[in-house]
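Each reported figure results from applying straightforward, stated rules to the coordinates on display, with no laboratory input. Note that this is a predicted model, so its numbers are computed, not measured. Methodologically, a virtual Cβ is constructed for each residue, glycine included, from the backbone with ideal geometry; neighbour enumeration extends over all protein chains shown.
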Amino acid sequence: MTKTGITIVGAGNLASTLAASLQRAGYKVDGIATRSSPASTGRAKKLARAVHSRVISPAEIESAIVWFCVPDGEIVRAAHRLAGAGEWRGRVIFHSSGALTSDELNVFRHRGAAVASAHPMMTFVPGSRPSLAGVPFAIEGDAQAMRVARGIIERLGGRAFSIRKHDKVAYHAWGMFASPLLTVLLATTEQVAAAAGVQPKAARERMLPILAQTITNYAALGAAETLSGPIVRGDVDTIKKHLRVLRRIPIARDVYIALARASLGYLPAKNLGELERILGA
């Protein structure tokens with residue numbers, strides 16, 4: 001069954017996943033609006049074909065719901081570009097920034113639209129189209145827009161939760177730790193594996209079982225019961241050996257020390273005083 005039509009502004013990784021998910025959920029993607037540059041137009045045409053839609057100009061937007069999926073720094077600029085091209089009273093406008101609030105869409109709010117931010121806690125990269133089923137969406141904004149957002153997110157199989165405006169930056173930093181910085185940590189592990197004579201592709205394959213079990217343990221038991229290794233045991237000599245060998249990889253050594261110091265602050269460890277001494281905590 002077809003539901004209310006939605007226009008997507010943007011054609012990047014998030015827009016592509018969202019548009020496909022909306023279509024599967026029964027929503028009609030009325031159009032894909034984007035910048036007029038050749039690269040943006042090309043991506044928009046490809047996305048429009050995939051969801052049986054079309055590329056449209058700001059003046060052609062007629063949907064009751066418009067969802068901005070553009071970089072944070074582009075939201076206000078794109079909003080002002082679109083706002084002058086039509087009547088917005090009674091419409092609902094979203095953006096998907098994790099760090100910015102619904103106030104980025106004030107130009108529409110002043111024209112009678114209800115606005116909200118709706119950010120999925122998920123990673124979107126080229127070549128991957130994750131499901132939004134089970135994904136939490138942080139939402140804040142006008143009551144009407146939040147009600148509409150909750151309904152859409154529910155049909156997508158996601159889970160909406162309210163967030164206060166002043167908590168959004170911390171929320172986004174949380175997401176930064178959960179995915180981008182975790183990826184950096186994994187890239188660093190490849191450098192350490194190379195020091196042990198293991199090439200990156202083989203390192204990734206051989207790490208998967210321990211990574212998967214760590215995530216399983218964390219989900220079931222929490223961090224305190226998941227931490228293992230020399231810090232928990234208070235094995236000072238092993239940590240000293242690690243620090244010596246990691247002198248060959250200064251960045252990895254810095255990461256090791258930073259994470260080990262953090263663990264001393266809120267996770268279990270034996271020989272705490274000696275560990276703090278050798279880690280410079």
Helix 180-195: inclination vs the chain longest Cα principal axis, degrees, rounded to 10, gives 40
Exposure proxy check on LEU264, LEU100: fewest-to-most Cβ neighbours within 10 Å is LEU264, LEU100
Expected sort for 47-55, 142-150, 124-132, 248-256 on mean C-beta neighbours within 10 Å, highest first, is 142-150, 47-55, 248-256, 124-132
The ³J(HN,Hα) series, computed from each phi in region 18-34 with the Karplus coefficients 6.51, -1.76 and 1.60 at θ = phi - 60°, rounded to the nearest Hz and given as x for glycine or proline, is 5, 4, 5, 5, 4, 4, 5, 7, x, 7, 8, 8, 5, x, 10, 9, 8
Once THR183 and SER162 are pulled to full extension, the length gained, defined as 0.36 nm per residue separation minus their Cα-Cα distance, is 4.8 nm
Here, LYS270 and VAL169, labelled 7 Å along Cα→Cβ, have an inter-label distance in nm of 4.3
Burial-style ranking of 73-83, 113-123, average other-beta-carbon count within 10 Å with highest first, yields 113-123, 73-83
Calculated from DSSP helices alone, with each H run of at least 4 adding -39500 (n - 2.57) and the total divided by the residues of the chain, [θ]222 nm to the nearest 500 comes to -15500 deg cm²/dmol
Given [x] 17.6, 51; [y] 23.2, 70; [z] 23.4, 73 as possible values of Rg and Dmax of the Cα atoms in Å, the one from the coordinates is [y]
Between ALA33 and residues 5 or more places away or on another chain, the pairs with built amide H atoms under 5 Å apart involve ILE8, VAL9, GLY10, ILE56
Quick note on TRP88, TRP174, TRP67, ordering by fewest other C-beta atoms within 10 Å, gives TRP174, TRP88, TRP67
For MET122, the net charge from surrounding residues (Cβ-Cβ under 12 Å; K, R +1; D, E -1) works out to +2
Distance in nm between TYR218 and ASP103 label points, each 7 Å along Cα→Cβ, equals 3.3
Binned at 5 Å from zero, the C-alpha pair distances of region 6-126 give percents of 2, 12, 24, 26, 21, 12, 2, 0
Note to self: C-alpha centroids of region 127-171 and region 74-110 sit apart, in Å, by 17
Nearest 10, in degrees from 0 to 90: the angle of helix 143-156 to the longest Cα principal axis of the chain is 70
Calc'd 3J(HN,Hα), region 115-121, phi into Karplus 6.51 cos²θ - 1.76 cosθ + 1.60 (θ = phi - 60°), Hz, glycine/Pro = x, comes to 10, 7, 9, 9, 10, x, 7
Residues meeting the amide H criterion for PHE124 (H placed from the backbone, H to H distance under 5 Å, 5 or more places apart or on another chain) are none
Taking a ≥ b ≥ c as the square roots of the Cα gyration tensor eigenvalues, with a/c under 1.5 meaning rounded and otherwise prolate when a/b beats b/c or oblate if not, region 179-279 comes out oblate
In degrees rounded to 10, the 0-90 angle between helix 250-266 Cα long axis and the longest Cα principal axis of the chain is 90
For region 1-67, the percent of all C-alpha pairs falling in each 10 Å bin, from 0 up to the bin holding the max distance, is 25, 59, 15, 1
Per GNM of the chain with C-alpha springs under 10 angstrom, the most fluctuating residue out of LYS46, LYS168, LYS240 is LYS240
In the chain the DSSP beta bridges are antiparallel at a rate, in percent to nearest 5, of 20
